[in-house]
Amino acid sequence: MAKPIIAIVGRPNVGKSTLFNKLIGKRLSIIDDSPGVTRDRIYADCEWRNRNILLIDTGGIEPSSDDTILSQMKMQSQIAIDSADVIIFVTDIRSGVVSTDQEVAGILQKSGKPVVLCVNKCDSIGKPDVNIYEFYNLGIGDPIAVSSVHGHGTGDLLDEVFKFFPKEEENFKDNNDIISVAIIGKPNVGKSSLINNICGNQRCIVSDVAGTTRDSTDTVVNNSFGTYNLIDTAGIRRKNKVTDNIEKYSILRSKSAIERSDVNIILIDAKEGFTEQDSKVAGMAHEAGKGCIVAVNKWDAIEKDQKTIDKFKKDFQNTLGFMPYAQMLAISAKTGQRVNNLFTLINESYNSYVTRISTGTLNDLLSESLARVPPPTDKGKRLKIYYMTQVNIKPPTFVFFVNKKDLFHFSYQRYLENCIRNTFGFKGTPIHFIIREKGENKL
């Protein structure tokens, strides 16, 4: 069934993100006392009266501001307003009606969309605050008193929103074939620009200021290659560079985005080359067991000769040697150069990520591999590998049953991993080994 889309809008620092988090029941949007923390549109599902709802949190609207970031935040909010079925207009009872509220009300009235007026920060229980009557001056309708911190009045708010839900729902088909792709990297490597290039519109805020993206934002893209959920993430800095709480939360959001992704595109700045921080960012995806692609962005911004790509490949091997399975691609998010090629690599990585090999086929390969290079010995004791089986996907995980774990050295594990990859591919995904001694049944 089609989900009604509800946009939460208002001027900065009236508690939109707090209300958003309260309605969805978890802390997804970043909350801080400083205005302008939420900049992009944040999406999440919630439920009310047996109806599934798609809720959108937006950055604060400053209609008269000439600031670049604030202007783009206004544009992001306008996109949310245009796509919404119902709008929740959040105001602040502590400050009363201010001129910016009047301007936002004018924007919402021009949209022609149903608007529910939420007067937030009504934290007293019992007595209604007489100051709420001032909000009738906005011409939006009856104000609803809410405390987004404590949850008071949120039920009344959703009941009012419910009245405007579309009565005839269209058939909605959940697509289980959507591949979740997280775009990760240091600040200002072009993550938002890449998503905007793919989407063909200003889906994410783009600025030369590092750290513009603070939340992880999702965008569903359907093209000739398939359907993808692209997750734009905040840039991940070195720990000693992270100074404020907002950025700490942003990094946590990026880590969470990695966890819920299938494939990660690790974006590298061609002008800077591979750095130690790139290795740490890539290591997060590798340790999480996710499919990985290394995309060298800003390829249009560097001088090149016939040896340039070979130099980057060598640097890739030296810096990210722990993930030899990842494929590298040079792109330009600005010009679109080879951006479409990313989807071929995403599909290869995902297909490897979910590949399952039968036990019989695996043990045929194991017998050949053991015959080619016999297992190692230690103090006269030889490693015996009885059999292997695949127990999981995402990533592919294999269990080896052996006589003694200590004899299964890392070097021989790497040899068997290479045999598996050479036979079955597994491009773009890590594979995990679990070693069990004979008689151990726990997997």
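The values are calculated or read from the model by the stated rules, or taken from the named source; none is laboratory data. Quantities reported herein were computed from a predicted structural model and do not represent experimental measurements. Neighbour counts run over all protein chains shown; Cβ positions are idealised from the backbone, glycine included. Accessible surface is based on the protein model in full, side chains and every heavy atom, while ligands, DNA and RNA are left aside. Shrake-Rupley method; radii C 1.70, N 1.55, O 1.52, S 1.80 Å.
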**Request:** Report yes if some residue within the stretch 419-433 is within 25 Å of ALA288 (Cα to Cα), open to solvent by 60 Å² or more (accessible area, probe 1.4 Å) and touching a Pro at 6+ places or on another chain (Cβ under 8 Å); otherwise report no.
**Result:** yes
**Request:** Restricting attention to the stretch 365-386, report how many residues are open to solvent by less than 100 Å² (accessible area, probe 1.4 Å) and either assigned to a helix (DSSP H, G or I) or under 23 Å from LYS427 (Cα atoms) (or both).
**Result:** 6
**Request:** Please work out which residue is surrounded by the fewest Cβ atoms within 10 Å (Cβ to Cβ), limiting yourself to the stretch 312-339 and to residues that are under 23 Å from GLU417 (Cβ atoms) and among the hydroxyl-bearing types (Ser, Thr, Tyr).
**Result:** THR319
**Request:** Determine whether ASN131 is of a type in the set (S, T, N, Q) and modelled with pLDDT of 90 or more.
**Result:** no
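Conditions (1) in a helix (DSSP H, G or I); (2) closer than 22 Å to ILE231 by Cα; (3) out of contact with any Leu (no Cβ under 6 Å at 6 or more places or on another chain), marked per residue:
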position	(1), (2), (3)
LYS280	yes, yes, yes
ALA285	yes, yes, yes
ASP305	no, no, yes
LYS313	yes, no, yes
MET328	no, yes, yes
ILE346	yes, yes, yes
GLY360	yes, no, yes
**Asked** Out of all the residues in the stretch 285-305, which are in contact (Cβ under 8 Å) with a residue 40 or more places away in the chain, open to solvent by 10 Å² or more (accessible area, probe 1.4 Å) and closer than 21 Å to VAL354 by Cβ?
**Response** HIS286, LYS290
**Item:** Subset of the stretch 173-221 (residues that are at pLDDT below 80, assigned to a loop (DSSP other than H, G, I, E, B), in contact with a strand residue (DSSP E or B) (Cβ under 7 Å, 6 or more places away or on another chain) and open to solvent by 30 Å² or more (accessible area, probe 1.4 Å))
**Value:** ASN175, ASP177
**Item:** Test for ARG436: is it open to solvent by 80 Å² or more (accessible area, probe 1.4 Å), charged (D, E, K, R) and not in a loop (DSSP other than H, G, I, E, B)
**Value:** no
**Item:** Counted residues, the stretch 222-269 - those being over 20 Å from PHE20 (Cβ atoms), modelled with pLDDT of 75 or more and open to solvent by less than 30 Å² (accessible area, probe 1.4 Å)
**Value:** 14
**Fill in**
Checked the stretch 142-172 for anything open to solvent by 50 Å² or more (accessible area, probe 1.4 Å), modelled with pLDDT under 90 and either among the acidic types (Asp, Glu) or over 15 Å from ILE87 (Cβ atoms) (or both); matches are VAL149, HIS150, HIS152, LYS167, GLU168, GLU169, GLU170, ASN171, PHE172
**Request:** Only residues that are over 9 Å from LEU138 (Cβ atoms), hydrophobic (A, V, I, L, M, F, W, C) and either open to solvent by 60 Å² or more (accessible area, probe 1.4 Å) or over 30 Å from the mean Cα position of the chain (by Cα) (or both): list them for the stretch 102-115, please.
**Result:** ILE107
**Asked** Looking at this structure, is PRO395 farther than 23 Å from GLU348 by Cβ and part of a loop (DSSP other than H, G, I, E, B)?
**Response** no
**Prompt:** Limited to the stretch 89-145, what total is found for residues that are aliphatic (A, V, I, L, M) and part of a loop (DSSP other than H, G, I, E, B)?
**Reply:** 5
